[in-house]
Amino acid sequence: MSIAENIQKIRAQIDQTAANCGKNPQNVALMAVSKFHPVEEIEQAVLAGQKLFGENRVQEACEKFPQLLEKYSDIELHMIGHLQRNKVKDIVKIASCIHSVDSVELIKEIEKQTAKIDKKMRIFLEIHTGEDTKSGFTSESDVEAAVEFAKDCPHIEICGLMTMAPLTEDAEIIKNSFLQVAALAQKLNQKYAVFANCSFSQLSMGMSGDFAYAIEAGSTVVRVGTAIFGERNYNK
Ligand SMILES: *Cc1c(COP(=O)(O)O)cnc(C)c1O
C-alpha cells in the first residue's frame, strides 16, 4: 500500500475507534512519525494531506525539515524524542511543539532559546510508564516541580502529558499505562489550569501498535510511524 493509502486507513481506524467509545474523532490528531524516512516519502504524506509530523532526533530533523517547512507553509513539526540540552537551540527553530520534556533543566533551556528568537513553544511533559526507555518523569512530585517552574516561563505553554507504553504484548499493561497518564493529567488540570500557560487537556499517547488503546484512554495525539511509512531501516 502507498503512504497515502496508509494514512487514509489509519485515519479511518482512528475515527472508528473514537466513535466506538463515544469520543469525537476530530479531537484525535494523527501525527506521522517520519524518523529514518527520507524527504521524498514525507512529501508523499504531505501531498496526501498530512499536516503534522514528528521526528525524534534533532540532527535528522534539521537535515530534513527546513526545506519542507519552506516549501509547505501549513505543515508542522513536533519533536518527540529524548532531547539533550545542547540541541535545544537547533530544534526550537523548526519545531512548534516538544513532546519529550522531562526535566526542569530542559524547560529552562527551552525558555532561554525561545526567548532569543521570540517564539512560543508548546510542550508536553513526558511521563515514564515503561521499563524500556529511561526518559520521562518518574514521580508526581517531579512533574509538579516542572509545572511550577514552567508556569512562570513566558515563552512556554504546557499543553499536556506524553508517554510511551511499555514494550509488551500484554494489553492490560499497555492500557494501564495510558489510563495512569490520563488520570494524572486530570489531576494536574484541576490544580494548575488557573495559570494561563498550563493546560493538561491534551494527551500524546499511542503508536502504530497500540493507538486504539490510547484513544480509548483519552489520547488526543497519536504518533504513528511504521503503519504509515513502513518498517524503519536503522542501518542506513
Ligand atoms: C518512533 C516513535 C513513534 C512511532 O512508532 P511506530 O511504532 O513506528 O508507530 C512514536 N513515538 C515516539 C516517541 C517514537 O520515537
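The numbers here are math on the coordinates, done by the rules we state, and not lab data. Given the structure is predicted, the values throughout are model-derived calculations rather than measurements. Using ideal geometry, Cβ is built from the backbone for each residue, glycine included, and neighbour counts are taken over all protein chains shown.
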* From the residues in region 152-184 that are part of a helix (DSSP H, G or I) and not hydrophobic (A, V, I, L, M, F, W, C), which one is surrounded by the most Cβ atoms within 10 Å (Cβ to Cβ)? -> SER177
* Subset of region 63-75 (residues that are surrounded by 15 or more Cβ atoms within 10 Å (Cβ to Cβ) and either in a helix (DSSP H, G or I) or within 16 Å of the ligand (Cβ to nearest atom) (or both)) -> LYS64, PHE65, LEU68, LEU69
* Asked: Does any residue in region 46-71 that is closer than 19 Å to ILE98 by Cα and of a type in the set (Val, Ile, Thr) come within less than 9 Å, Cβ to Cβ, of a residue that is within 15 Å of the ligand (Cβ to nearest atom) and part of a strand (DSSP E or B) six or more places away or on a different chain, and which pairs are these?
  -> VAL58/MET79
* How many residues does region 182-236 contain that are among the basic types (Lys, Arg) and away from the ligand (no atom under 16 Å from the Cβ)? -> 2
* To do: Give region 192-225 a look and list any residue that's farther than 18 Å from ASN27 by Cβ and touching a residue at least 24 places away in the same chain (Cβ under 8 Å), or say none.
  => TYR192, PHE195, ASN197, CYS198, MET207, ASP210, GLY225
* Structure fact -> Selection over region 81-99 where residues are within 12 Å of the ligand (Cβ to nearest atom) and crowded, with 23+ Cβ neighbours inside 10 Å yields a count of 3
* Evaluate region 135-148: report whether one residue or more is exposed (fewer than 13 other Cβ atoms within 10 Å of the Cβ) and either within 16 Å of the ligand (Cβ to nearest atom) or not in a loop (DSSP other than H, G, I, E, B) (or both). => yes
* Asked: Can you tell me which residue in region 33-62 is farthest from the chain's Cα centre (by Cα), limited to those that are within 16 Å of the ligand (Cβ to nearest atom) and farther than 22 Å from ASN235 by Cβ?
  -> ALA45
